[in-house]
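Only one structure is covered here, and it is reproduced in the block below.
The values are calculated or read from the model by the stated rules, or taken from the named source; none is laboratory data. Note that the structure is predicted; figures quoted are calculated from it, not measured. Every residue, glycine among them, receives a Cβ derived from its backbone with ideal geometry; neighbour counts consider all protein chains shown.
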Amino acid sequence: MLVIANITYYLYHKFIWNIMKTIGLIGGISWVSTIDYYRIINEQINRRLKGFNAGKIILYSVNYGKIKELTDQERWDDITDLVIDAARKLEAAGADCLIIGANTMHRIAPAVQQAINIPLLHIAEVTAVEIEKQQLTTVALLGTKYTMELDFFTGKLSSRGITAIIPDAADRAYINAAIYNEMGRDLFLPETKAIFLNIMSVLQQNGAQGIILGCTEIPLLIKQSDFELPLFDTTFLHASAAVEFALE
C-alpha cells in the first residue's frame, strides 16, 4: 500500500507540474515589492495544491535606478523598449503570461502587449474586477503622479462604471515623492504613514467608499487594519490573478 501511495503521490504532483502554466514576472520596479509578488504567488499556489508545490515563475528583474532615471526624464519610449525587451526574453524563456510588477509601468502596457504573443495581465483590470465584486462605485486612487493623473488606470475603472477620485495637487506631489524617494529604497517611515492616513481620511470625506493602493510599495506602508474603508492592495490582486491564470 505504501508503494502505491508513493506512486500516486508522484504521479499527482508530476501531473500538477505539467499542467501548471508558467508566470513571467518583470520585477525590480522596485525590488522591494517584487519580493511580495514572489511570496504571494508561491504562498497561494502552495495553499491550493498543498504538499511542497510552488509556482513556476520566470523573473526578469530590471535595474530600478535606470527606470527611475528614465522616468524622471520622461523618456517613456526608452522605458517601453526596455520593458519590451524584458517581456520578449520572458516569453522566449517559456512564460505563458506576463505580469509587470508596478502600477506606473502599465502606462506602456498596450505597447508591451502588442510586442508579445502571451497575455499581459493588467493590474488595473484585475483591481477593477475586485472593486466591482464589492459593488463600490466611487474609490480613491493613490499612486505615483502618473498613475493618479493619467487615464491608463482610471480608464479601466470607468469602463466598469467606477469613479476614481484623487488627492489634491499638493498631496499628489507628496505621495509621488514618498514613493520614489523612500519606498523604492525600502524606507517606510512612521511619519510618512501618518500623512498617508490623513490624506486617505480627506478622500473618505470627499466620498471615497474604498481606497486603491495603486503603487506596489504602498501596501507595505499601509495595511487594512490601519483604515476603516476597504483597501485594494494592487500587488496582492495582481499576484492573485497570475495564480488564477497559472492554475486555471
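List of remarks:
- Looking across segment 125-179, the residues that are within 21 Å of residue 32 (Cβ to Cβ), out of contact with any strand residue (DSSP E or B) (no Cβ under 7 Å at 6 or more places or on another chain) and hydrophobic (A, V, I, L, M, F, W, C) come down to 126, 177, 178, 179.
- For segment 169-218, filtering for residues that are in contact (Cβ under 8 Å) with a residue 24 or more places away in the chain and among the acidic types (Asp, Glu) leaves 3.
- Yes/no for residue 143 being of a type outside the set (Asp, Glu), loosely packed, with under 15 Cβ neighbours inside 10 Å and either more than 20 Å from residue 241 (Cα to Cα) or touching a Gly at 6+ places or on another chain (Cβ under 6 Å) (or both): no
- Test: residue 107 is over 18 Å from the mean Cα position of the chain (by Cα) and among the basic types (Lys, Arg): no
- Condition met for residue 170 (under 21 Å from residue 153 (Cα atoms), at pLDDT 95 or above and surrounded by 13 or more Cβ atoms within 10 Å (Cβ to Cβ)): no
- Residue match in segment 139-152 (condition: outside the structural domain of residue 55 (by TED's automatic domain parsing), farther than 24 Å from residue 76 by Cα and out of contact with any Cys (no Cβ under 6 Å at 6 or more places or on another chain)): yes
- Of the residues making up segment 196-248, those that are farther than 17 Å from residue 165 by Cα, of a type outside the set (D, E, K, R) and either modelled with pLDDT under 95 or in a loop (DSSP other than H, G, I, E, B) (or both) are 216, 222, 227.
- Qualifying residues in segment 59-87 (those that are buried (at least 17 other Cβ atoms within 10 Å of the Cβ) and over 23 Å from residue 183 (Cβ atoms)) - the one nearest to the chain's Cα centre (by Cα): 87
- Every residue from segment 146-155 that is of a type outside the set (Gly, Ala, Ser) and surrounded by fewer than 22 Cβ atoms within 10 Å (Cβ to Cβ): 146, 149, 150, 151, 152
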